[in-house]
Amino acid sequence: MSAILKRSSRNFLWQHPWQLALAILGIALGVAVVIAIDLAMESSLKSFNQASQAMSGTATHRIIASDGGLDEKLYTGLRVERGIANLAPIVTGYVKLVQPGEDNFKLIGIDPFIEKSLHAGWQNGQSESFSRDLLTRLLSEPNSVLLSEKTAQQLHLQINDQFKVITDQGAQQLKLIGLFSVNDAVAEQISAKLIITDIATAQEVLGLFGRLSSIDIVIEPDDPGTLAAIQQSLPGSALLVSIDSQAESMREMTRAFAINLKALGLLSLLVGMFLIYNTMTFLVMQRRRLIGSLRLLGVTRQQIFKLVIGEALLLALIGTVVGILLGIALGQGLLYLISGTINAIYFRIDAATLMITPLQIGKGVLLGISATLLAVLPPAYEATQLSAVKVLARSQLELGSRRLIKTVGLISMLLIIGGLVTAWFSGQSITLGLASIFLILFGFGLLTPAITLLFTKLFERVFGLFLGILGRLPARMVAAEISRTGIAIAALMIAVSATIGMDLMIGSFRQTVAQWVHASLPADLYVSILGDKMTAEKALSDHQLKNEIAKLAGVQMLSSALHTKLIADDQLTKISVFELNEASKQGFIFKHQVADDLWARFDNQQSIIVTEPYAYHHAVKIGQKIRLKTDQGEQAFEVIAIYADYSGDQGHLAMSRQNYQRYWPDLGYSGIGVYAKAGTDLKQLESRINQLMTTQQTVKSNQDIYKASMEVFEQTFTITETLRWLSAAIAFVGVFSALMALQFERTRQLGILRAIGITSRQLTVLIISETGLMGLIAGLLAIPVGFIVAYVLIFVVYQRSFGWTMAFYFDAGVLYQGVALAFIAALLAGIFPAMKMAQTHPAEALRTE
Amino acid sequence: MTTDAAISIQKLNKSYQESGQQHAVFNDLQLDVKRGEFIVLLGRSGSGKSTFLNLLSGIDPPDSGKVIINNIDITGLSEHDRTLFRRHHIGFVFQSYNLIPTLTVAENLLLPLELIKRVSRKDHDHVEELLAKLKLSDRLDSYPDRLSGGEQQRVAIARALIHDPDVILADEPTGNLDLDTAEQVLELLDILVRKAGKTMIMATHSQEVIGKADRVLSIHNKTLQLR
Ligand SMILES: Nc1ncnc2c1ncn2[C@@H]1O[C@H](COP(=O)(O)OP(=O)(O)OP(=O)(O)O)[C@@H](O)[C@H]1O
Ligand SMILES: [Mg+2]
């Protein structure tokens, strides 16, 4: 019995290859997007962790420092005076290869003869004698380095070849004296852009004389004494962190970013679920006669239910497998986007490879199958209700679904209200904020059929007035098959309103940022001074440059900034050190009323101002004190203001240069603002400044900086943009499949229209009008929903994710575009079914029932 | 070539291609139908009754041969022109699912009119009159699925007649109805079509109609035979 049932099911599926393919595509796309985001995000983070692990062996802790780096005496002090073992000094920096591609390489200087427990992965792979010999040469030969076998091959370098790199110190000649091999893929990725040398060479090449970047340490868990001893001997600029907590803080930093991305993936899956539901309903309804007959033959309800679920499972399985493969391919593409964004806003990721773990694949399988099963439950239940005696006509089924629509309308109101309440009471949680958006979207999605019925009444009246009965027909057709059209419109509406919501949000954000960038660029020209702040000469040359600029004709006054890091409340924290003039003080946008004496206090008291994201993430209030680590112990700085800053979502501190100089070493400047006298030719001034500068320094007009900043802004939204289009594409497939199913079901009706004398061209127009109408309804509905989504995004999710407040800027263009998007998508999706139906032979059409 | 006949069929051939095999339905079919004639078409299921009606209306093109209606050779027309011809000159009644489910009874009747001209107040009155004759005045604004099978078939007949076509083609119009209702529907067709002097060809299994027909034909061996 059940074998025959299965065969009948298989035959049926084969006879509807379109629907079959679309169902699989729906599942596959939803799963693919979710998996791709997950893989790309996790891989980006993991590559960071694994890179540090591959380099630090089994180190448990690390001494890190702000921009000044560590004095190498700290290392000898710890080893010799304190007698602490298991320490590995490290000097790192980036160099640019002169030859092919000008690729950036990470140069790592190590001490070759440290304890074996601190050997990096690549060291353990080599034979003892090989490495001993090679490492000795590293130490003894100047500028000698190692590369991985693969890298050397790619660069066409042989042992004993020389090659050139560019650093802050200018061009440097390096000599390849040996190759190391790695034995796993991850290590290979990491070592691909790596140059290994000894401490002394690294210091020389990078110009970091007497400094270290960090010190790796192995501390046994039962050895709190060592920990305390190290803590005690650390200078003000250094911090002891555990490797685990460092990895954790990376994850924490990107958490909001990751959650928001994953939400976009789930949006795709949600839209995909509508598609699956639609297809499975079609497959069940198409067989209502068959199922009726089966019931008559004694097939039980359970058997029917199992049959439908079984089919769905099969589709889910195929769709999921396809989705995973697709997801891996897509993930590869997203990886560059995501790691690029992380690079731009959070921290440097050197080499990200897609790492596919069973856990993530498992997640994809689970999601694909459970989403399918969830979407198929209603039609599966419906199938069991099909009676053996009374096979319902389509129109009667529609009656049932209209009743259902009313019930669902109630549920959807509850969902929407639930969503709004969640948004309101979600506290600090980003996840709840996003969940509220999903509730709202899903609620409106369920409400869509009911609203569609209202809309069709209106359109029918309006068009009927001018175009007679044929004009009324499209709206009637939408309303008559609401169980199909409603689903398609809902899927489209959700995708489009998400688009509108995000567009409004991004637009508001763009406006806010543009105003902020504009306001914070009061100077005419900005000199940017790159380079490592560790080198001692840098401060000197920076001051020299500043003095020379000040002396130039046409320069009225200067301001300066130094962007560095300090240890605030036991965390390495970014800080901007400002030397402000009257004009540059106007460049700050404060988030509250400020007193007149603010700047006096800023310059003269032990005070600090913080950015809005910093205040948000650290729950900092005005008047609160922040402890900063100095060489003379911790010092408390009072927070006297909170100001707008959109340059990063972790936030940072700012203090006056006077304050800074009291406790910390001079690191020169990161940038100098040049204010020209009225009437000065800026182009000329710019070229005169240019003549004073080295290659590390650039001068740009405030306009150029404004443009560059806005470009970075747009870049960070590339990924959002991409994902949004993916969910729109899935919605498109959904509408397409619904329309195909719809037209297929009405073949007979269309045949009668043709028999009465409706030409195939009229039929095409009729069907396209119908689909256009569906698109229009989806678009119109998407406007208010998109608005709500934008509100929640701006005032709940983004504020919580990143600590930024922004103003809501309304842009009517976004709304028109949204409606146009829905309309055009539906029209496009309708063209093929319309043509197919118009071309169907009327005699054929009349044969079907 | 001009003839007196309302419909003239000459050497009509039709076959279907099915899984690579040519399967002939008609061989050199020949028939002349006089204006106002009522022809009943009998034949076993699968003999080709529906196919014949579809060829007549131009819904299905023949492989060769001619179908001439009102001196127009519709087999020589393009698909588009055949459709336009159909909307002016032919009225259709099918066995079931005749009406457009998304249009009300009145709209179903107005649609053929709308296809050929601007619908006026007079046309609305005409529709109401016709429905009154069919005792369906109170169902004007009902959707077809609210009507019984017999009522639906009566509306279908009204729709076939509303635009005053020359030829009515009916494909088993009573096939889905019980005997009594079938009788009523046939009665109606007879009265309305006959009175209006229309030519009608009806495919049916029903014996009752035979008495009312001018000629009874049946499809046999891929041609038409008089009974
Ligand atoms: N599109 C088609 N493809 C293949 N064969 C067809 C097609 N349409 C009709 N036929 C065949 O042509 C023959 C005539 O079919 P038709 O529907 O005209 O019969 P009928 O006399 O109307 O039957 P019934 O009384 O059951 O309605 C049948 O054998 C049928 O299988
Ligand atoms: Mg037939």
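The values are calculated or read from the model by the stated rules, or taken from the named source; none is laboratory data. Bear in mind that the values here come from a model prediction, so they are computed numbers and not experimental data. Positions of Cβ are generated from backbone atoms using ideal geometry, with glycine treated the same way; all protein chains shown enter the neighbour counts.
Side notes on the structure shown:
- Failed item, numbered, when B:Asp63 is tested on (1) within 14 Å of chain A (Cβ to nearest Cβ); (2) touching a strand residue (DSSP E or B) at 6+ places or on another chain (Cβ under 8 Å); (3) at pLDDT below 90; (4) more than 16 Å from ligand 2 (Cβ to nearest atom): (3)
- Here B:Thr174, B:Thr204, B:Thr223, B:Thr199 are screened, and the one residue that is more than 14 Å from every other protein chain (Cβ to nearest Cβ) and over 25 Å from B:Ser8 (Cα atoms) is B:Thr174.
- Only one of the numbered conditions (1) more than 18 Å from A:Met655 (Cα to Cα); (2) among the hydrophobic types (A, V, I, L, M, F, W, C); (3) in contact with a helix residue (DSSP H, G or I) (Cβ under 8 Å, 6 or more places away or on another chain) is violated by A:Leu540, and that is (3).
- Residue among B:Asp145, B:Asp141 that is within 14 Å of chain A (Cβ to nearest Cβ) and either within 16 Å of ligand 1 (Cβ to nearest atom) or loosely packed, with under 13 Cβ neighbours inside 10 Å (or both): B:Asp141
- Enumeration of residues in segment A:65-107 that are buried (at least 16 other Cβ atoms within 10 Å of the Cβ), within 39 Å of the chain's Cα centre (by Cα) and aliphatic (A, V, I, L, M): A:Ala65, A:Leu70, A:Leu87, A:Ala88, A:Ile90, A:Val91, A:Val95, A:Leu97, A:Leu107
- Out of B:Asp73, B:Asp4, one residue alone is modelled with pLDDT of 85 or more, more than 14 Å from chain A (Cβ to nearest Cβ) and surrounded by fewer than 22 Cβ atoms within 10 Å (Cβ to Cβ). It is B:Asp73.
- Residues in segment B:101-121 include none that are β-branched (Val, Ile, Thr) and within 16 Å of ligand 2 (Cβ to nearest atom).
- Listing of helices (runs of 4 or more DSSP H) fully contained in segment A:782-849 that carry 2 or more residues being buried (at least 18 other Cβ atoms within 10 Å of the Cβ) and within 16 Å of ligand 1 (Cβ to nearest atom): A:842-847
- Qualifying residue in segment A:565-579 (condition: buried (at least 16 other Cβ atoms within 10 Å of the Cβ), in a loop (DSSP other than H, G, I, E, B) and among the hydrophobic types (A, V, I, L, M, F, W, C)): no
- Qualifying position, being touching a residue at least 40 places away in the same chain (Cβ under 8 Å), among the charged types (D, E, K, R) and surrounded by fewer than 23 Cβ atoms within 10 Å (Cβ to Cβ), among A:Glu745, A:Glu770: A:Glu745
- Any hit, segment B:216-226, residues being within 16 Å of ligand 1 (Cβ to nearest atom) and not in a strand (DSSP E or B): yes
- Scan of segment B:165-185 for residues that are polar (S, T, N, Q) and more than 16 Å from ligand 2 (Cβ to nearest atom), ordered by number: B:Thr181, B:Gln184
- Where helices (runs of 4 or more DSSP H) fall entirely within segment A:1-89, those with at least 3 residues that are modelled with pLDDT of 85 or more and either touching a helix residue (DSSP H, G or I) at 6+ places or on another chain (Cβ under 8 Å) or farther than 30 Å from A:Lys565 by Cβ (or both) are at A:17-56.
- Among residues of segment B:118-138, those that are within 13 Å of chain A (Cβ to nearest Cβ) and either surrounded by 17 or more Cβ atoms within 10 Å (Cβ to Cβ) or in contact with a Gly (Cβ under 7 Å, 6 or more places away or on another chain) (or both), counted: 3
- In segment B:52-70, the qualifying residues are those that are surrounded by fewer than 22 Cβ atoms within 10 Å (Cβ to Cβ) and of a type in the set (S, T, N, Q), and the one that is farthest from ligand 1 (Cβ to nearest atom) is B:Asn70.
- Qualifying residue in segment B:186-203 (condition: of a type in the set (Gly, Ala, Ser), more than 16 Å from ligand 2 (Cβ to nearest atom), out of contact with any Leu (no Cβ under 9 Å at 6 or more places or on another chain) and without any contact (Cβ under 8 Å) to a residue 40 or more places away in the chain): no
- Any chance A:Val322 is surrounded by 23 or more Cβ atoms within 10 Å (Cβ to Cβ) and under 25 Å from the mean Cα position of the chain (by Cα): no
Residue by residue, here is whether (1) within 30 Å of A:Ala708 (Cα to Cα); (2) more than 24 Å from the chain's Cα centre (by Cα); (3) among the basic types (Lys, Arg); (4) not assigned by TED's automatic domain parsing to the domain that holds A:Val555 holds:
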{"site": "A:Thr452", "(1), (2), (3), (4)": "no, yes, no, yes"}
{"site": "A:Leu458", "(1), (2), (3), (4)": "no, yes, no, yes"}
{"site": "A:Leu470", "(1), (2), (3), (4)": "no, yes, no, yes"}
{"site": "A:Pro474", "(1), (2), (3), (4)": "no, yes, no, yes"}
{"site": "A:Ser483", "(1), (2), (3), (4)": "no, yes, no, yes"}
{"site": "A:Ala491", "(1), (2), (3), (4)": "no, no, no, yes"}
{"site": "A:Ile500", "(1), (2), (3), (4)": "yes, no, no, yes"}
{"site": "A:Val513", "(1), (2), (3), (4)": "yes, no, no, yes"}
{"site": "A:Trp516", "(1), (2), (3), (4)": "yes, no, no, yes"}
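- Qualifying residue in segment B:45-53 (condition: small (Gly, Ala, Ser) and within 9 Å of chain A (Cβ to nearest Cβ)): yes
- Within the option set A:Ile608, A:Ile672, being in contact with a Leu (Cβ under 9 Å, 6 or more places away or on another chain), within 16 Å of A:Ser520 (Cα to Cα) and crowded, with 20+ Cβ neighbours inside 10 Å holds for one residue only, A:Ile672.
- Test result for A:Lys546, outside any helix (DSSP H, G or I), in contact (Cβ under 8 Å) with a residue 60 or more places away in the chain and at negative phi: no
- Just one of (1) crowded, with 18+ Cβ neighbours inside 10 Å; (2) more than 12 Å from chain A (Cβ to nearest Cβ); (3) within 14 Å of ligand 1 (Cβ to nearest atom); (4) not hydroxyl-bearing (Ser, Thr, Tyr) fails for B:Ile39. It is (3).
- Top-ranked residue in segment B:131-170 [being of a type in the set (S, T, N, Q) and assigned to a loop (DSSP other than H, G, I, E, B); ranked as farthest from B:Ser50 (Cα to Cα)]: B:Ser142
- Subset of segment B:178-208 [under 15 Å from the mean Cα position of the chain (by Cα) and within 16 Å of ligand 1 (Cβ to nearest atom)]: B:Ile201, B:Met202, B:Ala203, B:Thr204
- Residue in segment B:80-99 that is in contact with a Pro (Cβ under 8 Å, 6 or more places away or on another chain) and within 11 Å of ligand 1 (Cβ to nearest atom) present: yes
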